[in-house]
Structure formats: C-alpha cells, structure tokens
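Visitor: Please read through the structure below; I'll follow up with questions.
The values are calculated or read from the model by the stated rules, or taken from the named source; none is laboratory data. It should be emphasised that the depicted structure is a prediction, and the values quoted were computed from it without experimental measurement. Cβ atoms come from the backbone with ideal geometry, glycine included; neighbour counts cover every protein chain shown. These area figures cover heavy atoms from the full protein model, side chains too; ligands, DNA and RNA do not enter into them. Shrake-Rupley method; radii C 1.70, N 1.55, O 1.52, S 1.80 Å.
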Amino acid sequence: NPDLSIYVPDEVFCPLVRRGALDVNKLAEMAIDNDGIHEYVRRASILALGYLDVETFAPVFLKSLASESDELTKGHAVFFLGWAKTERESAVESLRDLLTKSEKPYLAEQAAESLVRLEDRESLRLIEKTIERFGTAGATSGLLRAVARFRAPSTLQLLEKIYSDKRSGGYFQTESEMIAAFGEFYDQAPSARAVVDAALDNSSYSFAVRT
C-alpha cells in the first residue's frame, strides 16, 4: 500500500517484536522477499531491523543490498551496513562494489557514508573517483561531506575544484553539505577556513565548526 505510514517500523513492527507478537526472523524474511512482499513493507522491515539491532542483522542488509530493486529500500540497507561488525569484510566489499558501479548518486552517497563509518580508509580513492565520475556539485555534495571526514589533502583539492565550478543559486542542501565538508579541514587549511567563515557570516547558515 503506497499509503503505508512512515511510522510503521518504529511504532508497529518494533513493538510487536519486543512483545513477542512478531518473530524477528519472520521480519527478516519479509525484508528480503522481493517476490511475495511489497516494496513498502520490505522497506519498513529493513528499517525496523536497523532500529532493533543494527549490528546483528548485517547479513540481512547484505542480502537486501544484493537483491533489492527499490532504490530507497536498498539505500536503507546500505546505511545500516555502516555498523556491521560480524560481517565487516563482506560489508566493505559490497559497499565498495556499489560505490564504483552505481549510477545513482543517492546509493553511492549511502555507500560512502557507511565506508567512512566503518573507517575503511582504503576506500578513500574509490570515493574520490566516484565524485569525479558524477562531477557536479549537486550530485557529489553528500559524497564530499562523507569523504572529508578522512581529512585527506587530495579530497580538499577535489572539494575546492567542484565548489569553484558549481552554479550559483543552487540547492541550499548542496551548499550546506559542501560547507560542512570544508569544515572538516577548518583547522588545517586556511582556504577551507575562509569558505566556512564566509558562510558563517551569512545569516542563512548555521554550522557547528569543529574546533
């Protein structure tokens, strides 16, 4: 049902599991049943599993990543893989593969966020290549914000290039994400500090700069 409430995961599925009225294994089956379960229910199931125990259900998220056809549902699974522990190697491998092959900026961004959360510095160059592949500020601002947490000089160079090439009057979210990426370099690069300070002088921005 396309009118399925966005609150189903935390207000319906999670309480049912905690009360023993819904077997969590059944919920896991629902999350990856592409043939018998509607995408909205699969999505709610993935979210509920992440809310219940994000580390335990890494194998389910990996299966969802491999087989899910719905972009948003897959994105949630990719997001939760950022906390994988028992399946860390498989998660990193799958996330890298998605990052390098996806034509969807949203999925690539989720993969990059999770790789950074897993502290996989070996993915740094892969993320940067993905940014170069998408090219525009609108498609890469989230990727830049994610990889900037590694604070690599090569990322700052790429960030400065894309920021200087971006169109004026773009989306506020795009601008905000790029300024936040510069914020990761605030203490180590005068050029980044200048960009952030200029944004802070603009009353339409409110950023917490790491000091």
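Visitor: What is the helix-to-structure angle for 190-200, meaning the angle in degrees between its Cα long axis and the longest Cα principal axis of the chain, kept from 0 to 90 and rounded to the nearest 10?
Guide: Tilt relative to the chain: about 70 degrees.
Visitor: Right, here's the next one. Stretched out fully, how many nm does the piece from Ser69 to Lys129 gain, at 0.36 nm a residue minus the Cα gap?
Guide: Details: separation 60, 0.36 × 60 = 21.60 nm, distance 2.49 nm.
Contour length minus Cα-Cα distance gives 19.1 nm.
Visitor: Can you tell me which of 154-163, 33-42, 76-85 comes out highest on packing, and rank the rest after it, using the mean Cβ neighbours within 10 Å? List each step's numbers first, then the result.
Guide: Values: 154-163: 18.6, 33-42: 14.8, 76-85: 23.5.
By packing density, highest mean first, the sequence is 76-85, 154-163, 33-42.
Visitor: Right, here's the next one. In whole Å, largest first, what are the principal axis extents of the Cα atoms in segment 71-115?
Guide: Projected onto its principal axes, the Cα set of segment 71-115 covers 28, 18, 13 Å.
Visitor: If you don't mind, there's one more thing I want to ask. Defining a contact as two alpha carbons under 8 Å apart and six or more residues distant in sequence, what relative contact order in percent does segment 58-112 show?
Guide: Values: 52 pairs, mean separation 19.9, N = 55.
Value for segment 58-112: 36 percent.
Visitor: Measure nothing but the geometry: give the 0 to 90° angle between the long axis through the Cα atoms of 39-53 and the longest principal axis through the Cα atoms of the chain, rounded to 10°.
Guide: Approximately 80 degrees, to the nearest ten.
Visitor: List the extent of the Cα atoms of the chain along each of their three principal axes, largest first, rounded to whole Å.
Guide: Principal axes ranked by extent give 57, 36, 30 Å for the Cα atoms.
Visitor: Can you tell which of Phe13, Trp83, Ser102 lies farthest toward the positive end of the dipole of segment 1-126, using +1 and -1 charges on the Cβ of basic and acidic side chains (Lys, Arg; Asp, Glu)?
Guide: Sorting the options by dipole projection puts first Trp83.
Visitor: Output the 0 to 90 degree angle, nearest 10, between the alpha-carbon long axis of helix 172-183 and the longest principal axis computed from the alpha carbons of the chain.
Guide: Between the helix axis and the principal axis of the chain, the angle is about 70 degrees.
Visitor: Tell me what the chain gives for mean residue ellipticity at 222 nm when only DSSP H runs of n ≥ 4 count, each as -39,500 (n - 2.57), the sum divided by the residue total, rounded to 500 deg cm²/dmol. Write down the numbers at each step before the final one.
Guide: Values: 12 runs with 134 residues, N = 211.
So the calculated ellipticity at 222 nm is -19500 deg cm²/dmol.
Visitor: Leaving ligands, DNA and RNA out of it, report the carbon-plus-sulfur percent of the accessible area of the chain at a 1.4 Å probe. Don't skip to the end; give the middle numbers.
Guide: Working: 5370 of 11110 Å².
That fraction is 48 percent.
Visitor: Students sometimes get this wrong: rank Ile6, Ile131 by accessible area, probe 1.4 Å, all chains present, largest first.
Guide: Working: Ile6 135, Ile131 0 Å².
The ordering from most to least exposed comes out as Ile6, Ile131.
Visitor: I would also like to ask the following. So which lysines pass the test for Lys104, namely a Cα distance under 24 Å, with those fewer than 8 places away in the same chain ruled out?
Guide: Those lysines meeting the cut-off are Lys63, Lys74, Lys129, Lys161, Lys166.
Visitor: I would also like to ask the following. Which FRET efficiency value, to the nearest 0.05, is calculated for Arg88 and Glu29 with the Förster distance at 30 angstrom and r the Cβ-Cβ distance?
Guide: Working: r = 24 Å, r/R0 = 0.79.
Here the calculated transfer efficiency is 0.80.
Visitor: Spin-label point model (7 Å from Cα, Cβ direction): what's the Tyr106 to Val12 distance in nm?
Guide: Label-label distance for Tyr106 and Val12, simple model: 2.1 nm.
Visitor: Calculate, for the chain, the solvent-accessible area per residue in square angstrom, rolling a 1.4 angstrom probe over the heavy atoms of the protein chains.
Guide: On the way: 11110 Å² over 211 residues.
Counting only protein heavy atoms, the per-residue value for the chain is 53 Å².
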